Amino acid sequence: MKLTINTSSSTLTSSQHLIILTDAENLEQPATGYQFNELKALIDATQFKGSLNECLPLIAQTSAHQNAVLLGLDKVSEFKTAKLAKIAQTVIKSTQKKFKHITIDISALPDEFHYLFALGLTQAAYQFDEFKSKKNEFQLEHIELVAPQSSLSQQQLTLLHAVQSGQNFARDLGNRPGNICFPEYLAEQAQALAAQYPDLLKVTVLNEQQMADLGMNAFLAVSKGSDRPGRVITLEYKVKTEEAPVVLVGKGVTFDTGGISLKPGLGMDEMKFDMCGAASVLGTIRALCEAKLPIHVIGAVAAAENMPSGHATRPGDIVTTMSGQTVEILNTDAEGRLVLCDTLTYVKRFNPALVIDIATLTGACVVALGKVLSGLFTPDDELAAEITRAGEQSHDRVWRMPVLDDYQEQLDSPFADMGNIGGPQAGSVTAACFLQRFTTDYRWAHLDVAGTAWLSGAAKGATGRPVPMLMQFLANRAAANG
């Protein structure tokens, strides 16, 4: 879907439908540049209040449009960012099956919300009907935003369209079932991306024998239970390669049964989403290729399937990681940290400026933060501030959680250097502390997106988070580096 910004209302007749966002405190003059017929009388007759998402059709009330509506913002003086998604969903739901080209007058919306509203429109317009015999009959292709003054620049629109492409790609990957999207499939998707952008992207794929040769036994302890072999996939975005790279590491467990520590059957279908960290890395790389940001980035995907079988790892097994540290695997359902720890050791070879891992790692993080905020763990205050700022700018927010030495003793094992779980208390924190033991040679942050990577219930599906935040983070760094 294409978005454009226009500072003049003179071209509005080219669209099929006009939506005018309206301040509840200024109902009678919702926008400039239109000729309204008896608008006050219509508002009085219908008792239109301009409350959030309240709609007033303007049948023959404007000379420029036969299809026009007022859409309430409630009181703009009290407007909050959280309302943007609801308004965007209303706009898309009411128009996507009817019109190819619509115009939204955003004059009443404060300027600081213009970019996020545009981003919200792209997110609301996502559809996934790949496996339906009857496809969605969506028509909407172009949204023209109009405001006499707006800081929404062409550069921002370019970034926005790149984020849209990358986030949709991540959502598509997350929504595909485990019989379609397995480790080799993720490798194929990475290679297809490199074929699409050969001048920007280089892909390398490690097979299980290569991982064994490197001593990645924690990773292999997860993948060996499945008939689908694991893969470590790296994608190097080759712009400004003289810089030390930002490395993004994604957990790509394409289906997580829990292994021998089997999960309950109810809701296990959602464990196809356990690769959403990897999907967000692939989506971010795709967005980078479209935005062509001047920055050096490497994406690393730890792709495995966690299955119970005669070859599966048993609780109590001990493995030696690529770093040389040993791990007693007390729970095979704590597998994400096992594929990540070896991958975090592997990426040291790239001499990273910093590493961010993204993982649907713990149910404890869902309990702590729900579906609103992703958990951020890092001992690096400056890096935490950078990520938090990017999250606020993209409304893809994080909340910093502790990663302190005080929690490390919960990982002590009488038989190995550490256990892979730390007990029932502070589960998301001890998971981060486990990963920290493999990241001492570089700046590092961990994002636990178990709550934010997908939604359940009637709206079940991948969200593509945190692609918007990661892209904003990278865009900020690219701008700072000139």
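The values are calculated or read from the model by the stated rules, or taken from the named source; none is laboratory data. For clarity, every value in this text was computed on a predicted model and none was experimentally measured. Backbone-built Cβ (ideal geometry, glycine too); neighbour counts: all protein chains shown. The accessibility values were calculated without ligands, DNA or RNA, using every heavy atom of the protein model including side chains. Shrake-Rupley method; radii C 1.70, N 1.55, O 1.52, S 1.80 Å.
Any residue in region 179-197 that is among the charged types (D, E, K, R) and assigned to a helix (DSSP H, G or I)?
Yes, region 179-197 has at least one match.
Every residue in region 199-228 that is of a type in the set (S, T, N, Q), closer than 16 Å to Ala278 by Cβ and part of a loop (DSSP other than H, G, I, E, B), please.
Ser226
Looking at region 307-314, is at least one residue polar (S, T, N, Q) and either farther than 17 Å from Asp172 by Cβ or open to solvent by 10 Å² or more (accessible area, probe 1.4 Å) (or both)?
Scanning region 307-314, I find at least one residue that is polar (S, T, N, Q) and either farther than 17 Å from Asp172 by Cβ or open to solvent by 10 Å² or more (accessible area, probe 1.4 Å) (or both), so the answer is yes.
Looking only at residues that are open to solvent by 30 Å² or more (accessible area, probe 1.4 Å) and among the charged types (D, E, K, R) in region 425-472, which one is nearest to the chain's Cα centre (by Cα)?
That would be Arg465.
Can you spot a residue in region 200-212 that is open to solvent by less than 60 Å² (accessible area, probe 1.4 Å), of a type in the set (Gly, Ala, Ser) and in contact (Cβ under 8 Å) with a residue 12 or more places away in the chain?
No, the conditions are met nowhere in region 200-212.
So is Gln155 closer than 28 Å to Gly482 by Cβ, open to solvent by 50 Å² or more (accessible area, probe 1.4 Å) and either at pLDDT below 95 or in a helix (DSSP H, G or I) (or both) or not?
When the stated conditions are applied, Gln155 passes them.
Scan Gly391, Gly375, Gly422 and give me the residue that is surrounded by 18 or more Cβ atoms within 10 Å (Cβ to Cβ) and assigned to a loop (DSSP other than H, G, I, E, B).
Gly422
Can you name every residue in region 229-286 that is basic (Lys, Arg) and either open to solvent by 10 Å² or more (accessible area, probe 1.4 Å) or in a loop (DSSP other than H, G, I, E, B) (or both)?
Arg231, Lys238, Lys240, Lys263, Lys272, Arg286
Of the residues Lys98, Lys40, which is among the basic types (Lys, Arg), touching an Asp or Glu at 6+ places or on another chain (Cβ under 8 Å), at pLDDT below 95 and open to solvent by 40 Å² or more (accessible area, probe 1.4 Å)?
That would be Lys40, the only listed residue that is among the basic types (Lys, Arg), touching an Asp or Glu at 6+ places or on another chain (Cβ under 8 Å), at pLDDT below 95 and open to solvent by 40 Å² or more (accessible area, probe 1.4 Å).
What pairs come up if the first residue lies in region 93-113 and is of a type in the set (Val, Ile, Thr), the second is assigned to a loop (DSSP other than H, G, I, E, B) and open to solvent by 50 Å² or more (accessible area, probe 1.4 Å), and their beta carbons are under 8 Å apart, counting only those six or more places apart or on different chains?
From residues that are of a type in the set (Val, Ile, Thr), the pairs are Ile102/Gln16.
Just name the residue that is least open to solvent (accessible area, probe 1.4 Å) out of those in region 315-326 that are under 11 Å from Ala218 (Cβ atoms) and not small (Gly, Ala, Ser).
Thr321
Any chance you could count how many residues in region 117-134 are surrounded by fewer than 21 Cβ atoms within 10 Å (Cβ to Cβ) and under 25 Å from the mean Cα position of the chain (by Cα)?
Of the residues in that region, 8 qualify.
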